[in-house]
1. Please list, ordered by first then second residue, the pairs with beta carbon atoms under 6 Å, 6 or more apart or interchain, first in region 41-52 and at pLDDT 95 or above, second charged (D, E, K, R).
2. I'm told T73 meets every condition in (1) open to solvent by 40 Å² or more (accessible area, probe 1.4 Å); (2) among the hydroxyl-bearing types (S, T, Y); (3) touching a strand residue (DSSP E or B) at 6+ places or on another chain (Cβ under 7 Å) except one. Can you identify the failing condition by its number?
3. Looking at (1) farther than 30 Å from D6 by Cβ; (2) within 16 Å of the ligand (Cβ to nearest atom), which is the one condition that is false for L21?
4. Within region 1-59, take every residue that is among the polar types (S, T, N, Q) and assigned to a loop (DSSP other than H, G, I, E, B) and give me the one that is most open to solvent (accessible area, probe 1.4 Å).
5. Touching a helix residue (DSSP H, G or I) at 6+ places or on another chain (Cβ under 7 Å) and either more than 16 Å from the ligand (Cβ to nearest atom) or closer than 15 Å to F88 by Cα (or both), is that true of E50?
Amino acid sequence: MTTFNDGKPYHGSEAVQDGKLTGATDGTDYFYFFCPMCPDKRLLRLLDYEVRAKEEKHPYADHVDVVAPKGFTLAFKLLCDKCLFTDFVKVSNMGWQGGTHKQALAR
Ligand SMILES: [Zn+2]
């Protein structure tokens, strides 16, 4: 069995922070990240993932009207086959998700 990032610590670099990593769905409901280094929204491959955190009770359950059944954070390792850019990104519902992207950038 392999471990995510060979068990080494990881964190997304500045190349993916401050709104620099973007993406979109394709013609269906699959979401793709775009390489922040290459032109023309080149697609990144997801090399690996891990469940980085999970909570049986959502951390904001007492502060929202519609409660998520559980809290989770997924981490993904990204690769661009063209320029070999490699990085990490996390998708989570455990931080506050209200407001605007501008407000999220300021947090
Ligand atoms: Zn690239």
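1. Final answer for the pair search is R42/K82; L47/K77; D48/K77.
2. (1)
3. (1)
4. Step by step, filter region 1-59, then rank; the result is T2.
5. yes
Yes or no, residue by residue, for (1) more than 18 Å from L21 (Cβ to Cβ); (2) within 16 Å of the ligand (Cβ to nearest atom); (3) over 18 Å from the mean Cα position of the chain (by Cα); (4) of a type outside the set (A, V, I, L, M, F, W, C):
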site	(1), (2), (3), (4)
V64	yes, no, yes, no
D81	no, yes, yes, yes
F85	no, yes, no, no
L105	no, no, no, no
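Residues are listed down the side, and each one gets a yes or a no for (1) out of contact with any strand residue (DSSP E or B) (no Cβ under 6 Å at 6 or more places or on another chain); (2) free of Cβ contacts under 8 Å to residues at least 12 places away in the same chain; (3) of a type outside the set (D, E):
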residue	(1), (2), (3)
T25	no, yes, yes
K54	no, no, yes
H63	yes, yes, yes
P69	yes, yes, yes
L78	no, no, yes
M94	no, no, yes
A106	yes, yes, yes
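The values are calculated or read from the model by the stated rules, or taken from the named source; none is laboratory data. Since we're looking at a predicted model, the values are computed, not measured. Note: ideal-geometry Cβ built from the backbone for every residue, glycine included; neighbour counts use all protein chains shown. With ligands, DNA and RNA removed, areas are computed over all heavy atoms of the protein, side chains included. Shrake-Rupley method; radii C 1.70, N 1.55, O 1.52, S 1.80 Å.
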